[in-house]
Structures are given as C-alpha cells and as structure tokens.
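Notes to accompany the following structure.
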Amino acid sequence: MYRFLFLFILLPTLAFSQQDRKLEKGLRELIKDFNGDIGIYVRNLKTGRYMGINEDTIFPTASIVKIPILVGVFDKIEKGELKYHQPFIYRDSIKYGGSGLMQFFKDSTETDLSVLLALMMSYSDNTTSLWNQALAGGGQRINELMEQYGFSVTRVNSRTPGREGIRNIYGWGMTTPHEMAELVVKIRQGEIISKAASERMYRLMTHGYYDETGLSQIPPYVQAAHKTGSVDASRSEVILVNAPHGDYVFYAGTKNNKDQRWTDENEAENLIRKISKYLWEYFEPSGRRRKP
C-alpha cells in the first residue's frame, strides 16, 4: 500500500519533466538537411515537457549576450548603484558600428539609462550595449552573476580580462540552447535579481524591432519576449511565447553555417522561421479552444 502511495505521489513529478519524443522527432526531420551545426531546446512551461537537440553544445551568442548584460545592469539598479532613469551624456568617442541607433546621436546628447537599455533590447544597439556592459561592472561581474544563477557556460567574452582566447572562438558571448532558454524562463518567473527587476527586464524583451525571423511566425496579438543574434556564420534566436494555452520557450542556435548571406533567404534564418512555425502549430493547433 505504501509503495502504491509513493508511486501515486511520484508519477505527477515524472510526467511533469517528461521528454517530448514526438516533438523531437518532428524537429529532427525539419533540420536534417541544414548546412551547419544546430542546437535546439524547447520547454512547455505549463506541462514541463521538453526536448533538446545538441542543447548543451556551446554556440556563439552574438547579440543574445545582451540578455546577460541586461541582468548585470539590473543587478546594479537593485543595489542602488544605478537608477533606471539616471541621466547620462552620450559622447561619440564610444561610438560602435553595426546594429543600433545611438551611433548616429550627436556628441553631448542627453540621454538616460532607461533609453540605453531600451535601445539595447529593442534595436540590439551595439553602442549602448557596450556602454551597459561597462555600467554593469564589466564582463567579469556579469559572468559572476551567471554563475550565481546556475549557468556554468553562459559568459561574456568581449572586453573581459582572461577571455581573449575564447573570444576568438565564440565572439562577444557564448551559451548553450538549454542555458539561455532557461535564463529567459527565470526572468519570466521573477527569479532573476528580484520580481520587480525581472518584470521590467521582461517588458524590455517584448519590444524587439527585429521581428522577421522566429518572431514573425507568432501571431502579432500574442506577446513574446525574444532576442536574436547574428554574425556571418551564426544565426540564433531565443523566444518565450505567452501562448493562449500555456507559455513555451525555445532557443535555436546555429554555427559553422555554410550560407553566410545577409539576405532574407539566409538558410539559418529560414530554418528558425520554420522551427518557430512548427512549435506554434504544435502547441496551438488550429481549432483548439480554451475551456470555458
């Protein structure tokens, strides 16, 4: 009798952490012809069912590193060392090219920390991102926070003492599909820095400008927090979808991509769209209705 009661208590826990083999089979079929390396991690937050393909393999973050940087800044805000609307003056001596808008600001333009954070997360602004990284205490402090929250791989490499060699391999930052997806989940669940800080970070992550890859396959009336990362041989995206029938998160990371074109037809970006579409239709099949 006691054995039966033990199993009765244990079974819901086992079911909650069950691997989704059907989903894995479908995604493996979808990615089988990709010309490069790919890693995927997916978890349904409502059911706990998950799947992974190379989910613990290291991938370049590219601009997805801006999520750990965001965490670093909010750690400083929580401690009172920075204020969310703290004023700053932009100097063009810190200008950095690539994506973003602040590089086009006039020297001596007045701004504040909330603008730096919004530009970093919405427009993937490189100038404000490097500024925010410095304000957070640098890559080393951000990496300490990642370790504190249980992420042993996710790291900032650029402008971080002692990580010059690994930066040559992975670039600005590095992570695994599993770790970065779960970092976003922890933010969603109010477990990073504080509940209030997590909520503000999550809001910032729901206003992305670059919405033409995975995010494009989710209906515009459904909220999603996301971040993309792109360099020549690597295109990746992390998305947490506040879906009608339950939140789900996924990270699709690629590297060593054969197709390195900066066009809408890039193979990796097309694949991320297909993965996102497949997941939306898997978790929100047509004709499904909420229970009254």
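The values are calculated or read from the model by the stated rules, or taken from the named source; none is laboratory data. It should be emphasised that the depicted structure is a prediction, and the values quoted were computed from it without experimental measurement. Ideal geometry is used to build each Cβ from the backbone, glycine not excepted, and the neighbour counts take in all protein chains shown.
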Inset, instruction - Determine the pairs where a residue that is closer than 13 Å to W131 by Cβ, located within region 97-111, has a partner that is surrounded by fewer than 17 Cβ atoms within 10 Å (Cβ to Cβ) and not basic (K, R) with Cβ atoms under 7 Å apart, the partner being 6 or more residues away or on another chain. - result: Q103/Y96; Q103/G97; T111/F88
Legend entry - Matching entry among I187, I193, I218, I239 (being hydrophobic (A, V, I, L, M, F, W, C), touching a helix residue (DSSP H, G or I) at 6+ places or on another chain (Cβ under 8 Å) and on the phi > 0 side of the Ramachandran plot): I193
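Could you tell me whether region 99-118 includes any residue that is touching a Pro at 6+ places or on another chain (Cβ under 9 Å), outside any loop (DSSP other than H, G, I, E, B) and hydroxyl-bearing (S, T, Y)? Step through it out loud before you land on a result.
Step one: filter region 99-118 for residues touching a Pro at 6+ places or on another chain (Cβ under 9 Å), giving 110-113.
Checking the rest, the ones that are also outside any loop (DSSP other than H, G, I, E, B) come to 110-113.
Cutting the leftovers down to hydroxyl-bearing (S, T, Y) gives us 111.
There is at least one residue in region 99-118 that is touching a Pro at 6+ places or on another chain (Cβ under 9 Å), outside any loop (DSSP other than H, G, I, E, B) and hydroxyl-bearing (S, T, Y).
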Legend entry - Lone unmet requirement of (1) over 24 Å from Q260 (Cα atoms); (2) among the aromatic types (F, W, Y); (3) not in a loop (DSSP other than H, G, I, E, B) for Y41: (1)
Legend entry - Residue list for region 115-139, filter: surrounded by fewer than 21 Cβ atoms within 10 Å (Cβ to Cβ) and in contact (Cβ under 8 Å) with a residue 60 or more places away in the chain: A118, S122, Y123, G137
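So is K66 charged (D, E, K, R), under 17 Å from L130 (Cα atoms) and either part of a helix (DSSP H, G or I) or touching a Leu at 6+ places or on another chain (Cβ under 9 Å) (or both) or not? Give the derivation first.
On the way: charged (D, E, K, R): yes; under 17 Å from L130 (Cα atoms): yes; either part of a helix (DSSP H, G or I) or touching a Leu at 6+ places or on another chain (Cβ under 9 Å) (or both): yes.
So K66 fits the description; yes.
What helices (runs of 4 or more DSSP H) completely inside region 140-235 contain at least 1 residues that are surrounded by 20 or more Cβ atoms within 10 Å (Cβ to Cβ), in contact with a His (Cβ under 9 Å, 6 or more places away or on another chain) and touching a residue at least 12 places away in the same chain (Cβ under 8 Å)? Steps first, please.
On the way: elements: 164-170, 177-188, 195-205.
In region 140-235, 177-188, 195-205 are the helices (runs of 4 or more DSSP H) which contain 1 or more residues that are surrounded by 20 or more Cβ atoms within 10 Å (Cβ to Cβ), in contact with a His (Cβ under 9 Å, 6 or more places away or on another chain) and touching a residue at least 12 places away in the same chain (Cβ under 8 Å).
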Inset, instruction - Kindly list, by first and then second residue, each pair from a residue in region 47-73 that is under 21 Å from E144 (Cα atoms) to a residue that is among the aromatic types (F, W, Y) and buried (at least 24 other Cβ atoms within 10 Å of the Cβ), limited to pairs with Cβ atoms under 6 Å and residues at least 6 apart or on different chains. - result: V65/W172
Legend entry - Condition met for I31 (within 25 Å of G173 (Cα to Cα) and either modelled with pLDDT of 95 or more or out of contact with any strand residue (DSSP E or B) (no Cβ under 7 Å at 6 or more places or on another chain) (or both)): yes
Legend entry - Answer residue from region 166-216, given it is of a type in the set (D, E) and within 15 Å of the chain's Cα centre (by Cα) and is farthest from G48 (Cα to Cα) among those: D211
Legend entry - Among the residues listed as R43, R49, the single one being over 17 Å from the mean Cα position of the chain (by Cα), surrounded by 19 or more Cβ atoms within 10 Å (Cβ to Cβ) and more than 23 Å from N266 (Cα to Cα): R49
